[in-house]
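*Asks:* Sending over a structure as structure tokens; questions will come in a sec.
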Amino acid sequence: MAFHLSEESKERILKFYDISQVAFRFGFVPLIIFLGWSQTYPRPSLIRLLSPLAMTRS
Amino acid sequence: MATIEEIRSEKSQLELAGLKVPDVVKQSLKATAQAPVVSHVLGLFDAVSKRRAAFGLSTPPKFEDFSREVEKEVLTTYYLVPGLRADVNYTSSVKPMFNVMQSFAVGNGRDNSYSFAGIYATNNVFLRGSLDSERALSAHIVGRLSPAVVGRIQAHSSERGTQAVYEVDVPFADSMLCLRAANPSLLDTKFTGMSSFNFAQSITSKLVLGVSGVWQRQSPDYPAQAGFDVGGRYASDKFVASGSISAQGILGLNYLQKFDERIQGAVSTNIDLTGMAAAMAGESPDSACTTTAAVKIDGPDQSTLRLQMDSHWKLGFVMERIVADTMRMTIGSELDQAKNTCKIGLGLQFESQSESVEAVMREMQTMSQEETKKYITVPPQ
């Protein structure tokens, strides 16, 4: 199984991969927070989700 | 459990697993099935399926989970976190499940000092992400591809790169297939990465046999490696015994005995038959064989005590206890007599919920088990 890609397209794929990797690394947790925040009712206040002190207060 | 007639008639094994098969495929399969040779083979397959269904076997656990009760529940290894650790957990909603957790840790030399994790789950999807203070992400994405088939992606991404593992679990009526690919890449002229399968088959209602195969090539310049692991598991109400031997020559034997509702004892032996693994880790050949004995005792107030001792005179204990309504404490220690070292760990977990979750919890206490199912999320795992 051999795939012969030109150097240029290989570079382009790697660059795209690098960018998507960074986007995934920093975007995944905010995505979860956004999904959870938007899909739950009543919507939780962001400060309770992000601050550890506010989280422990019940 | 499907009846013999169901398996014999229109329902194929694929449909039992909950996979949707398009009509076009069904029709072409029907046409193929009427060809003389194929129909003969299918008849044989039918007969085997009929015999299998007649045994009334259930779906076994995954091959890698054969010794799960011993390794993940009784041994302290999984629970002991050296150093100080505090987790703050906030449950915002139960359906869909939405949780955030922040962890602070010091003095263990392994975990990062701070991490933020979020969990979002519905009945079909499970997402978990955790970003730590060294900007490394671990992500866990699980989804149902059909009511029974579960697909899973586990990724770890840091500045040094990304590792990703893709998995599919396909449960059948009396067997379980799990396919996995780690870091697959086609960019370097040849396929690199690791791919593996593991398969478990129920033989009787208590005995399960499993086989697993790995094929890997780390870099296109190196030759590919392949290996097989085989194993078995015998589980009754009172005890679970399992054993496996891997291609590298490592024999693992595990035994769990349930003495009581609250007390479980386990013995786990790992023997490196070739001594290669110990040599590669730079350890003496004595450490090629380790036997660990452990006890787990559940206390009346949801507290748990785990005690452990191994054949290299390493002693360990982990105690978990609910200190206050919202706080759980874990104390653990490991004493290595031979190396003269000691590890100690203290963990605190704070749990809190939003008002709506508390209201649901209060309501659920008065409900029957059937009714509570409407209010809780059962995500794929």
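The values are calculated or read from the model by the stated rules, or taken from the named source; none is laboratory data. Everything numeric here is computed off the predicted structure, so don't read it as measured data. Note that each Cβ is placed from the backbone with ideal geometry, even for glycine, and that neighbours are counted across all protein chains shown. Surface accessibility is based on the protein's heavy atoms, side chains included, excluding ligands, DNA and RNA. Shrake-Rupley method; radii C 1.70, N 1.55, O 1.52, S 1.80 Å.
*Asks:* Taking only the alpha-carbon atoms of segment B:160-261, what semi-axes of the equivalent ellipsoid follow from 5 times the gyration tensor eigenvalues under a square root, in whole Å, largest first?
*Replies:* In descending order, the three semi-axes are 33, 15, 13 Å.
*Asks:* Under 8 Å for C-alpha pairs, at least 6 residues apart: give me the relative contact order for segment B:111-205, rounded to a whole percent.
*Replies:* It comes to 15 percent, rounded to a whole number.
*Asks:* Against the longest principal axis of chain A, how steep is helix A:7-39, in degrees 0 to 90 to the nearest 10, with axes from Cα atoms?
*Replies:* On a 0 to 90 degree scale, this one is about 10.
*Asks:* Could you tell me the relative contact order of segment B:32-150? Use alpha-carbon pairs under 8 Å, at least six residues apart, and round to a whole percent.
*Replies:* This gives 12 percent for segment B:32-150.
*Asks:* Tell me, what is the FRET efficiency for B:GLU355 and B:ASN123 to the nearest 0.05, using R0 = 22 angstrom and their Cβ-Cβ distance as r?
*Replies:* Calculated value: 0.40.
*Asks:* Calculate the all-directions average of the projected area of chain A's alpha-carbon convex hull, and give it in nm².
*Replies:* For chain A, averaging the hull's shadow over all directions gives 6.9 nm².
*Asks:* Over chain B, what is the relative contact order in whole percent, taking alpha-carbon pairs under 8 Å and six or more residues apart?
*Replies:* 16 percent
*Asks:* Measure off 7 Å from each Cα along the Cα-to-Cβ vector at B:VAL378 and A:LEU14, then give the distance between these two points in nanometres to one decimal.
*Replies:* 4.8 nm
*Asks:* Once the Cα atoms of helix B:36-55 and of chain B are each reduced to a long axis, what angle between those two axes, in degrees from 0 to 90 to the nearest 10, is obtained?
*Replies:* 40 degrees
*Asks:* Could you report the buried accessible area between B and A, both sides summed, computed with a 1.4 Å probe and given in Å² to the nearest 100?
*Replies:* 3000 Å²
*Asks:* How many percent of all Cα-Cα pairs in segment B:258-381 sit more than 21 Å apart?
*Replies:* 63 percent
*Asks:* Taking beta carbons within 10 Å but only from partner chains, what does the mean come to for residues B:347-354?
*Replies:* For peptide B:347-354, the averaged partner shielding equals 3.
*Asks:* Give, as a single signed number, the net charge of other residues whose beta carbon lies under 13 Å from the beta carbon of B:MET361, with Lys and Arg counted +1 and Asp and Glu -1.
*Replies:* Within the 13 Å Cβ shell, the charges total -3.
*Asks:* Compute for the protein assembly as shown: radius of gyration divided by Kirkwood radius, i.e. Rg/Rh, restricted to C-alpha atoms, rounded to two decimals.
*Replies:* On the Cα set of the protein assembly as shown, Rg over Rh gives 0.98.
*Asks:* I would also like to ask the following. Averaged over all directions, how much area does the convex hull of the C-alpha atoms of segment B:96-229 cover when projected, in nm²?
*Replies:* So the Cα hull casts an average projection of 11.6 nm².
*Asks:* Nearest 0.05, what FRET efficiency do B:GLN27 and B:SER146 give at R0 = 30 Å with Cβ-Cβ as r?
*Replies:* 0.90
*Asks:* Can you tell me the 0 to 90 degree angle between the C-alpha axis of helix B:23-33 and the longest principal axis of chain B, rounded to 10?
*Replies:* Value to nearest ten degrees: 60.
*Asks:* Work through the residues other than B:ASP221 whose Cβ is under 13 Å from its Cβ and net out their charges, Lys, Arg +1 and Asp, Glu -1.
*Replies:* Around B:ASP221, the surrounding residues sum to +1.
*Asks:* Next question. If you count, for every residue in B:91-102, the Cβ atoms of partner chains within 10 Å of its Cβ, what is the mean?
*Replies:* 5
*Asks:* What is the Cα convex hull volume of chain B when expressed per residue in Å³?
*Replies:* Roughly 200 Å³ of hull volume per residue.
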